[in-house]
Each structure stands twice: as structure tokens, then as C-alpha cells.
Amino acid sequence: MAEMISREAYLAAAEATKDKLQTTLRQLEHQQTDSRREVSSLVSRTETALSELAAAILADVSPESVDAAVALTGCRTLAMVNPATELTKAQTKLKEQLAERSQQISARTADISELPIFQNRLLLRAPRTGTLVREITELEEFREPLAQVLQKAAHPRLQRLLDVEYGLPSYSVPFWRLSYFADWKAGDEIVAGFGGNKTFAEIRSEYLSARDGVGVYDQKLSKLRAEVAQGEAVEREYDLLQTEKLAMSESRHPLQAQLARMPEQFLKDARIQLERYLADLDLVMIGDRLQTVPQLDVMAKRYFGLRKQTEYLRQTSSQLLDNTRPAIEQSLARLQRDIAKYQRPKYAGNRFDRDQFQKLGDRNKRCLDLMGRHRQAQQVIVSFHGYEHGRLDEDFLWWDLVTDGQLKANYIDEVARFRALHPAYKYRRPKKRPAGEELDEDGVEFLDDDGDAAVAVIQTSDSFFTNHRTDFS
Amino acid sequence: MLTESQGCAVLKESFQAAGYDIHDNYRFSEGTIQFSVDGYDPGTRVGFEFITTEAGDRVELSPEMIGQIEKRIAQGELFILLVDEYDVESEAELRTHAERFLEMVAVHRQRGQQE
């Protein structure tokens, strides 16, 4: 019969259970974060291993290397758009561009050399002595006194005074308009600027004459300066062409640099293509071919193993942590609602069933158990380094190698599928290699697969230490 | 920019200094010309109007009305200095303009009397 307790006892027990669940949830969050970090680290290691594998498979972009890489991996992209052929095409095209540019430079340099403005550059534009320079200086000297007249006459109302013919008998602004007096005032100020000894009519005449003169000089100066600028531009172009020519002769030209970088760039692009292909490929498909090149086989196993580790940890976290969280969150929310509800006075006399706390406690314990399993699995997965013991064939379960056959994980799709397809399968642990001795013929030992063994218990065998690097002490 | 009262004060002082008997806000009414002159000597028919938005002068003195006043001045029938507040920047400038206007008026009146 269920044990009934008072409201006070119920609330106290509820608070205690809530605290436990909250603690568990915090631990779960922390463990999820830690797991994501480990997955991210494995992803990074996998990418590095993939780059290294692709670099080893495709050492350069020679036709032989590309053909060998295609034959080994079956990468059709490299076969269809062969980087070796493409490189040769691109190099030929760039060399043609270089030759064309060299011809352009020679032709343009020769053209410029024939131009009078270039041939006579010193005669025309030498500082102080060039004819154009001297002509400009002379015109500027002539212009200066006229410019001074314009400067002295400068006034905001000057143009109006000229327009209304102020100072002349034809000035017709009536005296009762204020502009008459403003004209008068401005006229006086301009006259004062000329020393006060001239009439505005005299200044007007002088000003108009100076303005015409400055206009003529400016036109001439503008033409001469344009001529100088044109000559200078041609000289600059000539100098730049000479610099470019020199760079070409010293193999420093940008096109030459581009040509030199081309093999490296094509190799980089081809390796990226190969990486993409390998990333989507089940290496088991080419396992037998990789086996013929031991150095590549080791690297491929390392990459494949890291891929497996990443996937195993991802699925372990998803199954043991992510899927557990909603149940704890729901229990906690429910408990908080009940606490708020039964605190109200109307439930003061109510009696409550103690069993529900037992159920919640069991749920919490199950969650803690799963978290413990996850911690152990993560530690084992992450610390695995015995890639050379793996095999790239259909009948090999990497999970068992990674965990030394000590952890059961039917929640991982690959493991469940493998066991379904291989009901008689038993894990063959790689034998420990005694110092200075060769392995037996098959180099493995059988391990009894106790399907009911507690999955959270990890046996630390010699083999385990061989394949894993983490310190468990 | 000068206010209505500042501008009128400067002008009145200048006109009085020249001997004119200035009446404030004189109601001028001759034919179609009807408006309140800021300062006016009815005896000599000399005065001034300081046109400001503040005093509502732009409503009373339409461009047509100013045209009619200018026509009468051109005929030597009266002399009114019309100053827009936006055309002067300082009291000194306004005073100079007023004094020059009054000099011109004196010459014209003398010429009129001789004729």
C-alpha cells in the first residue's frame, strides 16, 4: 500500500528532488558542451588527416601523378578535368600573354621614341631652360600686374556695378531705391582699394582691360601647360615601360610570378577536389587498392578511423545525452508546477503519495547512469590512436577496435547494422607486439563477445593501452 | 538684420537731423496710394518706410503699390525712402544710406523750387 505523507513532508521532499534534478541538468549541460568541444576537435583532426592523405596521394600535378591518383581513388573529377592537362594549357596561355606583352612594350617604346615631344623633352621641358618652361614663366610675368588689378578690384558687388554701368553717364538706378546707395557704397570701397585717386569710371576701364588681358594670357598659358603635361605623361609612360621591361628581363614581372605560382596553385586546387571526393567516399570501396601502397594505407586508416571516431562520439552524445535531457527537463517543470500549486493554503490538509519521488529518483539515477556511460565512451573514443590495426574492408567493425571490444553500443546505427549482418561475429583483438618480435600470422586474438556485459565497465587490457593514449590513472 | 523699431529709430533720427518734422505711422492717403508710412513730414512730403515682415508691411505694400509710390517719387511729387529689412545689415549702413538719400532729396527739392 502506498505510503501517504503530509503536505509539509511532500513539499520538503519535492524541493530536495528538484535540487537533485537541477544538479543533474547542470551536469548534463556541462557534459554536452564538453562533448561538442571534443567532436569539434575530432573534426579538425579528421580534416588535417584528410589533407595529409590527399597530399600523399597526389604529390604533384605531373600527368603520371594524376593518373596514379585517379587509378588509386577512382576520382572521376580529376580524370575528366585533368589538372596536369589544364596546367599545361594555362601555362601555354600565360606564356603567350607574356610574349605579347613584351612585344607591346617594345612597340610602344619605339613609338614614343619617335615622338617629337619625347625626343625634344629636354629642349622643351628642362627646368628653367626648356622653351616651354621659359615661355610659361614669361607669360606669367606679363600676366601678374594685370592679375593684381583684378585682385584689387575684387568686391562682391563688382560684377553688378559693371552690369549697371555704375560710374558712367548711362547709370540709371533711381536714388530712391536702396540699391542706388549700395552701389554707391561698393563703388567707394573699390575706389579706396586703388588709393582713392581714380574715379570709378577710370578703374572700370582699367579693370576691363586687365580682365581681357588676363583672359588672353590664361588661354595661352593653358595651351602651353597642356603641352607640358602631355610631354610629361609620355615620359612617365616611357619610364614605366622601361621598368616593366627590366622586370621581365629579371623574371620579376607579375605575369612571370603568376606563371611560377601556377603549378602550386593547380596542385592545391586538385588536392581540394581530391579531398572533397575522399570525404564523400567510403574508403572500404578502395581498401584493397590502398593496401598495395602501405604508406597510403596507414594514412587512409588514420583518416578513416578519425571519421569513425567523430561519428561514434556524435551518435553517443546524441543518444546518451541529447535524448535524455527532455525527460529531466519535463520532470523538473512538472515538479516546479506542483510545488507552486500545493503551497497554496487550500491544500494544507491534503495527503500525498511518497512513491512519486521514488519514480523521479529512479529517472534521475537512469540519467546519471547514461551520463556516466557517455563519459566513459567519450574518453575511450577520443583517446584511440591505434589506426594501423584497422582494416578497410566490409567485415571490420571499427567500433570494436576503437573501444577494444569493451563497449556495447547498439544505439550506433553502424554497430547495430554490422551485428545484424554478422550474427556470428566475434571481435578479434590485435595481439600485443612483444618487443623485437614479429606478430603471428594473423596478428589477432579472439575475444569472447559477452553481449550482456555491463556496457559501462571498461576493462583495461594491454591491448587497450596499445591503442589508446589517455592516462586513466 | 535690424528690427522694425531699430530701423525706424535710425531713420527718424537722420531725417530729423536734416530738419524734417517726422510724424510716426502717418496715414498716407492719396488716390489709390493708401498706406501707413513709418515716418513722414506732411509739410515737405518727405518720409521713410522701413519694410519688415514683423510689422506686416509686405501685406500692405504690394509690388503694385510700391510701383505707384515710385512713380510719384520719379515725378517729384513726394520723396519716400523705401528700405527692406533684408537690404541693410547694420545701423551705420542704414544711417549712411539715409543721409545720402536726404542729400539727393535736398538737391531735387532745390531743383524743383528753381523750376
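FYI, it's all coordinate maths here, none of it is from the lab. Just so you know, these numbers come straight off a predicted model, no measurement behind them. Here Cβ is always computed from backbone atoms with ideal geometry, including for glycine, and neighbour counts include all displayed protein chains.
Laid out as a table, the results:
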read-out	value
Relative contact order, percent, chain B [alpha-carbon distance under 8 Å, six or more residues apart]	30 percent
Prolate/oblate/rounded label for segment A:1-136 (Cα gyration tensor, a/c 1.5)	oblate
Mean separation of Cα contacts under 8 Å (6+ apart) over length of segment A:1-149, as relative contact order %	7 percent
Positive-end residue of A:Tyr303, A:Ile272, A:Ser318, charge dipole of segment A:247-347 with Cβ unit charges	A:Ser318
Extreme residue, positive dipole direction of segment B:1-113, given options B:Ala17, B:Gly76, B:Gly39 (C-beta unit charges)	B:Gly76
Rounded to whole Å, sorted largest first: equivalent-ellipsoid semi-axes of segment A:264-350, Cα gyration tensor	57, 15, 8
Reachable lysines from B:Lys12, criterion Cα separation under 28 angstrom, eight or more residues apart if same chain	A:Lys185, B:Lys71
Mean-position separation - Cα centroids, segment A:342-380 and segment A:170-198, in angstrom	103 Å
Exposure proxy order (Cβ contacts within 10 Å, fewest to most) of B:Thr96, A:Thr85	A:Thr85, B:Thr96
Alpha carbon centroid spacing (whole Å) that separates segment A:200-233 from segment A:41-85	73 Å
Using alpha-carbon coordinates, inclination of helix A:63-73 to the longest axis of chain A, degrees	40 degrees
Of all DSSP beta bridges in the protein assembly as shown, antiparallel share, percent nearest 5	75 percent
Cα gyration tensor shape of chain A, rounded if a/c is under 1.5, else prolate or oblate by comparing a/b with b/c	oblate
Cα pair distances of segment B:52-97 binned at 10 Å [whole percent]	23, 44, 32, 0
Cα-based helix-to-principal-axis angle, A:325-342 vs chain A, degrees rounded to 10	90 degrees
Entries of A:Lys20/A:Lys359; A:Lys245/A:Lys268; A:Lys18/A:Lys365 with Cα pairs more than 22 Å apart	A:Lys245/A:Lys268
Cα shape, segment A:328-435, gyration tensor, a/c 1.5 rule	prolate
222 nm mean residue ellipticity, helices alone, for chain A (DSSP H n ≥ 4; -39,500 (n - 2.57); rounded to 500)	-23500 deg cm²/dmol
Calculated Rg and Dmax of chain B using C-alpha coordinates, Å	13.4, 41
